[in-house]
C-alpha cells in the first residue's frame, strides 16, 4: 500500500475524562485506503522533547467523510500537545502504516475483540469494518475503572459490548481476561489490543483453548517505515520490525511464553 | 535593583505591518521599579530552536497599570512565536535587567533621542520618563521605509518627532544620521539605539560635535544576569558584560573607532 | 541553477546529498515519498559477511533534539543482499553505496570483496565506528593503528571508491582520518554516532537493552561540524559530513566547514523527503549568493 | 524526608546539588532568585593565577537544545578573588568551591595554594578540561600523563578536598579518571563541555570568535550520562555528574548512573531557580520510592 505524508486538519478534539482525548482529523488531499489495525506517524511539533514522530493506532477511518479518528491518552509531552490541538489546526501524518488485522474467510465465525484501556482504540475500526463486511463482532473491553473505559457506546454500534473494570465501577469486577464471557462462550477468533500483560493473558487463554488469536503490539519506534530497525519483536523468524511486519501478529508468530 | 522571575499575562498583541508586533503584558505580582533602557529576558518555550531566553528591551512601562510593552521584530523562531501569543497567555520574564540611560541633572538641556528601526523601542519609555521628569525630549527616528517606522504617533506624545527613511517613503530620504535636524540644531545630549552601523555613525557625529552620547547595545547573551560572560563588549576597562554594566554605555567608555 | 556535481574519488554525484547508512533502508522504503533520482546517492544499511540478528529490544530512546539507537547491525548478510536486494535496487537512477561492517579484518575483506564485484555499486563505505556491537567496528575506529590495519586490508581487496566512516568517540578524529588516508582511503565520512545512554528512572534501568547506544540528531550537529572542520583541514581527500542535518541550512554549514558532500541521517525519520529538500535548498542558496558550483562553497569561510 | 547528605572526600554536602562553574557566577548573581543555602554548594567560576580578559566577542551560539560558549576563562585573577569576592561570599550558608584553571603546572599550583589558604573554601575543583583557551587545561585533560602530572603537583600543594573536572573530548574518559584517582584526587566531576562549532551561513564565517567552543545543555545529556556510568564503574572515588541537567528527573538519571552528586550548569540561565527545584525533586522521588537516603540511590540500577 502506498504511504503518504500530508497535513490533516483538526475537525474536533474532545476531552474524555481526565486523561484521554478523541482527535478527529480531516484529510486535505486523497484519503488512502486504510485497513483496521494500521497506524499513523504523527509529527507533534519541534519541541526538544518531541523530536520523533509518535506512532498512533487508527481508532476509526471514514472514507466517505475523509475522517480519521485517533484516541489518545495523555502520558507524555507529545500526547499532551496533541490533546491541546484546536479545530482548524494542522497535523502532519505519515499514513497508512503497517499491516492490519486479518479478516476471516467465512462469515459465520464468532469473533471476539478484546481491548484493554486506550489500547482498545484500533478495535473500533476493526469492529466497524467487520460489521460492514457481514460479520457480527463482539467486544470485550476492560480498564482500570469506569473513567478509563473509552467509547463503549461507539463500540455498541457495531456489536455486543461486554465490560470489565479492575475496581468494579462498571461491568464485571476484575481483569478483562477473567470476564465470565470467556468461560461461557468460546469464540472462533480473538483479536486483542492493550497492555502487554493483558495481551499475554489473552494469548495464553487462546493457546489453551486452541482459538486463533491476533494481537497488536506497541514497541517504541523512530521511523515507522522499516528503516530504523528499532521496533523489532522477536518472532519465530527472528527479529522483525513491527512497523512493517506488524503491528498485528498472530500469536503463533511470536516467541511469547504462552 | 532586585530582579524577579515571574509569569506575565498577555493583554494585547498587535501586529504592526508585516514584520513587527507590539506585545502588552500585565504583571500578576508586584511591578518592580523599571528604568528606561533596561531589558527583560523572555522564556519563549521549550522548542529545540529556542532553548535560551531572549533579551528584549523595554518599550514602555506603566507602573500604575502594571503594564510592560515589548516591541518585537519577527526575525527568528523565537520572535515569531512571541508574535503569535494570544491575550490571556502567560509569558515568563526575568525583570528588570541591566542599567538604564542616564538622566541629566539640569532640566533645560536639549535632549535628542535617535532610533533606528525596531531599535528605537527603548526610546519610547526613555522619552516618556524624561517628559514626566520635566525634560523636553525630541525624537529622530529612521528606518528602511515607512513600514519599518514604528510607533511614531506614540513617540509624538512625549516630544517632537523627526523622521527619515532610506527609501524616502516618509520623512527625509536617507539615513537618520544624515537628517537635516543634526545640521540645524546641536543637542546637549544624544541617546541612540538601533543597528550597530547607525549607532557608530551617531557616535562619530557626537564625538565630532563634542556632544555627550549614550548608546544601547544588543550583544547576544545567554543568562542576562552577569553569570555566563557571553555578552561582553570591549571597553576601556576591558571586557564587560552588557547585561550588567550596560546595555547602555556612554560612547566614551567604548573602544569603537570614532 | 548552480552546478551541483561533485566527485568523491571515482564516484560521481549529481548533487552532494547522500542518505546515511541505517536511516534510509535500501532506499525502496522511501520510494513512496520521493523520487530517489533527486539525490546524489543512497548509502544502504550496514552489511556484514554473515547474517546478524542485531540487539534485543528496546533499541531506541528519544533524547533532547535527538535519539539513541542500538540496532547492532541487524542484516541478512552480504549473500542475501546480493541475491535479494541488489536486483531490486541496481537500476535506481542514483548511486547506491553499500556500508560494510565487520568484527574481524577477514570479515571486512570478504564482505567488501563480494560487494566489490557488483557492477552497479560504485563505492563502499567502510564502517569502522559502530558503537553498538561488541568487538564491532568501533574497536578499529578508535585507534590509528586499528583503523590503518582494516583500511589497508580492504583497500588491497577492492578497487571501487572507498569511503571510511569515522567514529567521533575519540580524542583526535583528524589523526584517525590521516591514518586511513595514508592507507589509500578515497574519502572519510563523519561523524558516526556519539556513544550515549538513557535511563528509565521509574524502572531504574537503562532504556536500551545494550545499556549504551549511539546518539544522533540535531543535538550532535555542533560536534559533527567541529570534527568536519578539523578533519577537512588535516587531510587532502574529500570529507563527507554528517551529524544532525535537518535542513539545507545545516548542509550549507557542513559544506562551509569543509565537507565536499553531506549525508542526511536521523532526520529522514521525521521528514522522509528532507534529502530532496536539502538538495533544492543548497541549489537556491548557491544561486542567491552567486556561486556557480557547489565546489566553490566547500570550506569557503572568511576566516578561521 | 529522605536523608540528602552526601560526602565527597572531606567535603560535606547537605544535598547532592551543586551549581557548575561558569554558570552561576559567584552565587551572588542568583541571590535575588533563590536562597543559596538550599543547595549543596556553589562552584564559582574558573579562577586563574593572573587576570584574564577572555576571548573576543562573540562568545555564544545557540544550538539545538543547547549552546556553545567560548568565554575563555575571563576572570580578574586569584588575588582579586581573595580580596574582593571572598569576603562577600565567605559567610553564605553553603559550600563555596573554587574552580581553578591554568596554562602551566606552576600556575595551577600557585593558584590552588592561594585558594587552599582560604578558611571558608572547603574544596577545589581543578579544571583540566577547558576547551576554549590555547594551551589551556584541555591539553592536560586529554591524556593520562598530562592529567596525572597536574593533579600530582596540585595534590602536593593542597590538603582540601580536590575534585578534578574531566574533559569528554577523549576516547576513554574512565582511563583519565583512573589516572587522576591514582594521584590522589578525592573526586572527579564530568563532563565539561564537548568541543563544537557553529557557522553563520549568511556571513560565511564561524559564529564564535574562537571558531570552536564548548557545547552544553540538554543536547549533551546522553553523552554525559554514558561517561558518568563508565567512570563510576572504573574508579572508587565519588563521581560528580553534570551535563545537560534541566530538572530533577535528569539528576536522578545521573545518580542512578553512578554519580554521588550532580552539578547544574547551563540550565541556570533558563531557570535561575532550577538548582533549588532539583534538590526538592530528588527528595520527593526518594520518598515516593522508599529510599531513606540519596546514598542508596547511587548506581542503584537493576542491571547493566
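Read-outs: derived from the displayed coordinates by stated rules, not from any lab. Owing to the predicted nature of the structure, the values given are computational and were not obtained by experimental measurement. Note that we place each Cβ from the backbone using ideal geometry, even for glycine, and neighbour counts take in every protein chain shown.
Antiparallel beta bridges, as assigned by DSSP with both residues in the protein assembly as shown, represent about 55 percent of the total such bridges.
The alpha carbons of the protein assembly as shown occupy a box of 100, 68, 63 Å along the principal axes, longest dimension given first.
So if the hydrodynamic radius of segment C:18-121 is defined as the Kirkwood radius over C-alpha pairs, what does Stokes-Einstein give as its diffusion coefficient at 4 °C and 1.567 mPa s, in µm² per second?
Working: Rh = 14.6 Å.
D = 89 µm²/s.
Annotation: chain C has a Kirkwood hydrodynamic radius of 19.0 angstrom, from the mean reciprocal C-alpha pair distance.
Using alpha carbons only, what's the Rg to Rh ratio of segment B:126-205 with Rh from Kirkwood?
Details: Rg = 12.4 Å, Rh = 13.1 Å.
Ratio of gyration radius to Kirkwood radius: 0.95.
Take every DSSP beta bridge whose two residues both sit in segment C:14-115; close to 40 percent of them are antiparallel.
Rounded to whole Å and ordered largest first, report the semi-axes of the equivalent ellipsoid of segment B:18-167 derived from its Cα gyration tensor (root of 5λ).
Each semi-axis is √(5λ); the values are 26, 20, 12 Å.
Which angle between 0 and 90 degrees, to the nearest 10, do you get for helix A:121-132 versus the longest principal axis of chain A when only C-alpha atoms count? Taking the Cα atoms of chain A, the angle to A:121-132 is about 70 degrees. Across segment B:1-105, Cα-Cα pairs more than 20 Å apart make up 35 percent of the total. Each copy carries a label point for residue C:284 at 7 Å from Cα toward Cβ; from one copy, the others' points are 4.5 nm away, ordered from shortest. Expressed to the nearest 5 percent, the antiparallel share of DSSP beta bridges inside chain C is 40 percent.
Within segment D:64-105, the percentage of alpha carbon pairs spaced more than 14 angstrom apart rounds to 64%.
In segment B:191-238, the C-alpha radius of gyration followed by the widest Cα-Cα span (Dmax) gives 12.8, 37 angstrom.
For segment C:35-77, what does the alpha-carbon gyration tensor say about shape, rounded, prolate or oblate, given a ≥ b ≥ c as the root eigenvalues, a/c under 1.5 as rounded, and a/b over b/c as prolate? Numbers along the way, then the final one.
Working: a/c = 3.53, a/b = 1.12, b/c = 3.16.
In terms of gyration-tensor shape, oblate.
With the convex hull drawn over the C-alpha atoms of segment C:65-151, the volume per residue is 126 Å³. For segment A:79-100 versus segment C:135-187, the inter-centroid distance based on Cα atoms is 44 Å.
Which value, to two decimals, describes the C-alpha radius of gyration of segment B:16-63 once divided by 2.2 N^0.38 Å?
On the way: Rg = 12.9 Å, N = 48, 2.2 N^0.38 = 9.6 Å.
Cα Rg divided by the expected 2.2 N^0.38 Å: 1.34.
For residue D:37, the distances from its label point to the matching points in the remaining copies are 7.6 nm, ordered from shortest, with each point set 7 Å beyond Cα toward Cβ. Three semi-axes describe the equivalent ellipsoid of segment A:174-258; taken as square roots of 5 times the Cα gyration tensor eigenvalues and ordered largest first, they are 27, 13, 10 Å. Cβ crowding within 10 Å ranks C:160, A:81, A:90 as A:90, A:81, C:160, fewest other Cβ atoms first.
What number, rounded to the nearest 500 deg cm²/dmol, is the helix-based mean residue ellipticity at 222 nm of chain A, given -39500 (n - 2.57) per DSSP H run of at least four residues and division by all its residues? Write down the numbers at each step before the final one.
Values: 6 runs with 47 residues, N = 258.
About -5000 deg cm²/dmol.
Over segment B:111-253, the reciprocal of the mean inverse Cα-Cα separation, the Kirkwood hydrodynamic radius, stands at 15.5 Å.
In nanometers and ordered shortest first, the copy-to-copy spacing of the residue C:300 label point, defined 7 Å from Cα toward Cβ, is 5.9.
Sort B:57, C:37, A:83 by Cβ crowding within 10 Å, fewest neighbours at the top.
Details: B:57 25, C:37 10, A:83 19.
Least crowded to most crowded, the residues run C:37, A:83, B:57.
Rg to Rh for segment D:145-200: what is it, with Cα atoms only and Rh by Kirkwood?
Numbers: Rg = 13.1 Å, Rh = 12.1 Å.
That ratio equals 1.08.
Stick to Cα atoms and the Kirkwood definition of Rh, then tell me Rg/Rh for segment C:93-132.
Details: Rg = 10.8 Å, Rh = 10.8 Å.
Taking Rg over the Kirkwood Rh, I get 1.01.
The modelled label-to-label distance between residue C:79 and residue A:258, using points 7 Å beyond Cα along the C-beta direction, is 3.4 nm.
Extent of chain B along its three principal axes (Cα atoms, max minus min coordinate, largest first): 49, 42, 35 Å. Here segment A:106-121 and segment D:20-67 have alpha carbon centers that stand 59 Å from each other.
Quick one: compute a quarter of the convex hull surface over the Cα atoms of segment C:169-298 and quote it in nm². Each step should come with its number before you reach the end.
Details: hull surface 38.1 nm².
Mean orientational projected area (segment C:169-298, Cα hull): 9.5 nm².
Reported to the nearest whole Å, the Cα centre-to-centre distance from segment D:209-270 to segment C:240-304 is 31.
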